[in-house]
Amino acid sequence: SMNPIEDDLIFRVGTKGRNKGEFTNLQGVAASTNGKILIADSNNQCVQIFSNDGQFKSRFGIRGRSPGQLQRPTGVAVHPSGDIIIADYDNKWVSIFSSDGKFKTKIGSGKLMGPKGVSVDRNGHIIVVDNKACCVFIFQPNGKIVTRFGSRGNGDRQFAGPHFAAVNSNNEIIITDFHNHSVKVFNQEGEFMLKFGSNGEGNGQFNAPTGVAVDSNGNIIVADWGNSRIQVFDGSGSFLSYINTSADPLYGPQGLALTSDGHVVVADSGNHCFKVYRYLQ
Ligand SMILES: *[C@@H]1O[C@H](CO)[C@@H](O)[C@H](O)[C@H]1NC(C)=O
Ligand SMILES: *[C@@H]1O[C@H](CO)[C@@H](O)[C@H](O)[C@H]1NC(C)=O
C-alpha cells in the first residue's frame, strides 16, 4: 500500500475489526530494537506485533480480569530484556509477558487506578502513567516502587490528565498532559524540569496531546489528538516542524513511537489503523 501522494506517509496497516491485522480502538504503540512494531489493541484485548515494514507477525491476549488476561490494554513497551510490558487500564495493573507472549507477572496491583501509558527508562525501570490518579509511578521490573510523583491539578508537578510517557537519553521522563494541553519533562527523581504547549491550533499548541517519543538527538515527537496531527519539538520544547499527514488525515491519534529503522509509527485510533511516516533528522 504505497502512498501515491507525496506527504510523509510510507504505509498504513489495518481496518476496524477483530481479526489479525485489524483493530478496534488501538491505543499504545511500541517499537523494539530488533525491528518490531507492537500495538495495544485495546477493545480487542490483545497486543499485535508487526515487522517494521508492516507484515503481521503474531498476537496474544485473552480477554478477562484474571492475572495473565487483558481487559483494556492501552500502553505497551518493550523492556531491554525483551519482555513486553502492557498497561491494562481496566484491570488497574501492568502485565509483563515474554517476547513470545507468555505471561510472566503483573505489577502495580492495588496501587494503580488507571494506567494508560508505559515506558522503560535507561535503568530498565518501568515508567507507568496513571491517568486516573494523575501521577507517574517508576517501578523496578519486580514491582517494587522506585518513585511516584504527581497529583491532580495544573501546577508544574501536577497533571490534569496524563496519557503517555517517553524517556530521553538523559533518562528524563516526558509526559503528555491531555487536559492541560501541555508536555512536561521531569528528571528521574521526579523533579520538574520544563513544560511546553498551550491550548490551540497554532504551531506548538495542542488540543489534547497523547502519544510521545524522543529521537536520538533529544527531539520530542508528540501526537496532538484533537488537532489530529503530529508535531516535532527540540529538547527544550521549541516547535520545529510537523509530520506531513495531509494526504490521508489522522483521526484522533494516540500512541506514537520511533521504529528501529528511523520512522515514526502512530496509532490512528479513529481510523482503526496504524501509520508509518518518514521522519528525517
Ligand atoms: C504536504 O504534502 C502535500 C501532498 O500530500 C503537499 O501538497 C504539501 O505541500 C505538503 N505540505 C508541506 C508543508 O510540505
Ligand atoms: C495548564 O496549566 C497552566 C499552569 O501550569 C495554567 O496556566 C493553564 O491554565 C492550564 N491549562 C488548562 C487548559 O487548564
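The values are calculated or read from the model by the stated rules, or taken from the named source; none is laboratory data. Since this is a predicted model, take the numbers as computed values, not measurements. Ideal geometry is used to build each Cβ from the backbone, glycine not excepted, and the neighbour counts take in all protein chains shown. Only protein heavy atoms, including side chains, enter the accessible area calculation; ligands, DNA and RNA are left aside. Shrake-Rupley method; radii C 1.70, N 1.55, O 1.52, S 1.80 Å.
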Rg to Rh ratio, the chain, alpha-carbon atoms and Kirkwood radius?
0.93
Straight-line reach from Lys20: which lysines have a Cα under 20 Å away, not including same-chain ones fewer than 8 places off?
Lys36, Lys57, Lys102, Lys275
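Which percentage, to the nearest 5, of the DSSP beta bridges contained in the chain is antiparallel? Present the calculation step by step, with values, prior to reporting the outcome.
On the way: 80 of 84 bridges.
That works out to approximately 95 percent antiparallel.
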Under 5 Å from the placed amide H of Phe60, counting only residues 5+ away or on other chains, we find Val47
Pick out which of Thr147, Thr210, Thr259 has the largest mean-square fluctuation in a Gaussian network model of the chain, springs linking Cα atoms closer than 10 Å.
Thr147
Give me a comma-separated list of calculated 3J(HN,Hα) values for the stretch 78-84, in order, Karplus coefficients 6.51, -1.76, 1.60 applied at θ = phi - 60°, integers in Hz, x for any Gly or Pro.
10, 7, x, 5, x, 5, 9
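With every protein chain left in place, what is the accessible area per residue of the stretch 65-197 in square angstrom, probe 1.4 Å? Display every interim value, and only then the final one.
Details: 5050 Å² over 133 residues.
Here the residues of the stretch 65-197 average 38 Å² of exposed surface.
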Amide H of Ser99 versus every other amide H placed in the peptide plane: which residues, excluding those fewer than 5 positions away on the same chain, fall under 5 Å?
Ile84
In vacuo Debye sum over C-alpha of the stretch 174-281, base-10 log of normalised intensity I(q)/I(0) at q = 0.15, 0.21, 0.22 Å⁻¹, listed in q order, is -0.56, -1.11, -1.21
With unit charges on the beta carbon (Lys/Arg positive, Asp/Glu negative), name the residue among Ser81, Asn227, Phe196 whose Cα is farthest towards the positive pole of the charge dipole of the chain.
Ser81
Give me the percent of Cα-Cα pairs in the stretch 81-234 that sit more than 22 Å apart, rounded to a whole number.
36
About the Cα centre of the chain, how large is the charge dipole given +1 on each Lys and Arg Cβ and -1 on each Asp and Glu Cβ? Please answer in debye to the nearest 20.
1200
Using alpha-carbon positions, what is the distance between the centroids of the stretch 44-101 and the stretch 138-185, in Å?
21
Using the Kirkwood formula over every pair of different C-alpha atoms, what hydrodynamic radius in Å results for the stretch 43-146?
13.5
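Ranked highest first by average number of other Cβ atoms within 10 Å, how do 189-196, 24-31 line up?
On the way: 189-196: 14.4, 24-31: 24.5.
Order by mean packing, descending: 24-31, 189-196.
Which trypsin sites (Lys or Arg not before Pro) does the stretch 1-91 hold that lie in a coil by DSSP with at most 14 other beta carbons within 10 Å? Each step should come with its number before you reach the end.
Working: sites: Arg12, Lys16, Arg18, Lys20, Lys36, Lys57, Arg59, Arg63, Arg65; in loops: Arg18, Lys20, Arg65.
Those that pass, being in a loop and sparsely packed, are Arg18, Lys20, Arg65.
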Using each residue's phi in the stretch 32-43, evaluate 6.51 cos²θ - 1.76 cosθ + 1.60 at θ = phi - 60° and report the 3J(HN,Hα) Karplus result to the nearest Hz, with x for Gly and Pro.
9, 5, 9, x, 10, 10, 10, 10, 7, 9, 5, 7
